[in-house]
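Have a look at the structure below before the remarks.
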Amino acid sequence: MNMGALHGTNSTKIMNKNTSSHHSENHLVKYAAWGLFTMLLLSTGLKSYSQSYFYFENKIPSPKDSSLTYYTFLTLYGDGSGRARIRYSEPVSRELRLVEINLLDSALTSGINSDLKYLVQLGEPLPIGGTNLSAFHSPKFVLKKQTDGTMVPEAIMYKSPDGSWLSSEMLVNQRKSETQLKVENVLVTGFFNQSDKFYQSLFATTSSAQVPDKRKEKLYLITVVNTLDSIIGVSTQRDLANIVSTFTLLAKDANMDIQVRKVGDNNLSKESVELALEGLHPSPIDIVVFYFSGHGFRYAKDVSPYPRMSVRLNREADLSKNNLGLEDVYKILLKKKAKVTLVLADCCNNEIDAVVPSGPTFVKTKAPNGEPVLNMTLFKKLFFPSKAASMLIASADKYQLAVGNPNLGGYFTNSFTEELRKVLYETKSNVTWLSILASTKKNASWLSLGAECGENRCVQSARFIVTPKL
């Protein structure tokens, strides 16, 4: 999303008009502030989607044969993760093998300013076709930074049984768009059969892309973001754009109204947040999302494991009078009795004077051509459950710091929004809020290891509760 458009329009200025200390003025504007973002957001390129596809053919040395050819279909996501399916013929038996692996940016070996990034295998390989995994070598994808800042796969190395890495000869290196894959059925069926979710998503019938009926439910999004802070302001602006564009995209594709209330810039204050909460009146079928990006902290005497959110504009302001507990906000919003209540803070959960860490930029690739289709079945399962559901999420546990990057925003926010897009624009069905948050926690935790917190690597482990355990 274009941050200039987000911060410089009349709609934004109207909604962020001075929330002065005169309560009567606040009372007059607090209800009108809702919904003024909606038309602005619908014109900012919501269909950007960070999933990219690549096809490779590589020859690697093999002690049992002169060479071994691997055929690879790689899917890259916008949070530094990926998934690959690798096809090869076992050198001795000549049996055809098909293996699937998950991948993550190797944050521990990629420098902050490195032009090279590495994607390495995460977890055990999963055999899709064939009797075993003999002659399978784990790959390491080498990506090189381009002039536009995105990364492109340049080489693949393979791990030998003795732990060393084997160089390979790159025979084919092709980036594929969804449009190309739709007419390359032979290539796709070499890695996926018609029962696979990816195949079904790719070759979905035209009817599945039809706009659903207009829904009665509404989505209310409150964002509280410290965009003017000299240390994290640029990063929080990225977070704001990421969160707003993600939920606006989902609402648009589900054909439901979204109303966005932004508390930030010079309007950031405890009173502004309280007014935004007070002015929220959802119905029992609606969705409420509260999001905070800024400085977080905790007092030694705090009982709640969740952080306090600093809402002061400068360090001279009295911190004790300019903070809100995340769990307190959660309890306030639960009383609104919406169908789904999601409260999320991407901030530190340590002493207020702790040094905020900045981590490296992880793998980002260009989005392919084509528009993915929202999986409405899964969307309904997550956002329109039979019983009311709520989530309380902190990006960092007690006495931990939250890692981010000025170019990407918070690692947790990036991982969360990417995970939502990843699962909701594929034909997956066995997805829950717990699985989404578990995947987000795991990815953000891994990426945070690429940053330094004092003399050690940063350890960031999100804390969340989902009620009921959906």
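The numbers here are math on the coordinates, done by the rules we state, and not lab data. Please read all numbers here as calculations on a predicted model, not as lab measurements. Methodologically, a virtual Cβ is constructed for each residue, glycine included, from the backbone with ideal geometry; neighbour enumeration extends over all protein chains shown.
Sorting C453, C458, C348 on the 10 Å Cβ count, fewest up front, what's the list?
Numbers: C453 20, C458 23, C348 28.
Least crowded to most crowded, the residues run C453, C458, C348.
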Using a Förster radius of 51 Å, what is the FRET efficiency between I285 and D353 based on their Cβ-Cβ separation? Nearest 0.05, please. 0.70
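Taking 32 Å as the cut-off for C-alpha to C-alpha distance, list the pairs among K145/K214; K216/K442; K337/K441 that go past it.
Working: K145/K214 43 Å; K216/K442 35 Å; K337/K441 27 Å.
Correct reply: K145/K214; K216/K442.
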Could you list V289, V343, V183 in order of exposure, starting from the residue whose Cβ has the fewest other Cβ atoms within 10 Å? V183, V289, V343
Dividing the alpha-carbon radius of gyration of segment 209-314 by 2.2 N^0.38 Å (N being the number of residues), what value is obtained? 1.22
At a 10 Å Cβ-Cβ cut-off, how would you order F198, F383, F412, fewest neighbours first? F198, F383, F412
Distance between modelled label sites at D115 and D213, nm, 7 Å Cα→Cβ extension: 5.7 nm
Given H placed on each backbone N at 1.01 Å, which residues far from N323 in sequence or on other chains put an amide H within less than 5 Å of it? V311
log₁₀ I(q)/I(0) of segment 52-206 at q = 0.09, 0.19 Å⁻¹, via Debye over equal Cα point scatterers, no solvent, to two decimals? -0.29, -1.29
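Assuming R0 = 30 Å, what is the FRET efficiency of N266 and D148, from their Cβ-Cβ distance, to the nearest 0.05? Don't skip to the end; give the middle numbers.
Numbers: r = 33 Å, r/R0 = 1.09.
For R0 = 30 Å, the calculated efficiency reads 0.35.
Determine, from the Cβ-Cβ distance of K331 and L434 and an R0 of 25 Å, the FRET efficiency 1/(1 + (r/R0)^6), rounded to the nearest 0.05. All intermediate terms of the calculation are to be shown ahead of the outcome.
Details: r = 21 Å, r/R0 = 0.85.
Efficiency, rounded to the nearest 0.05: 0.75.
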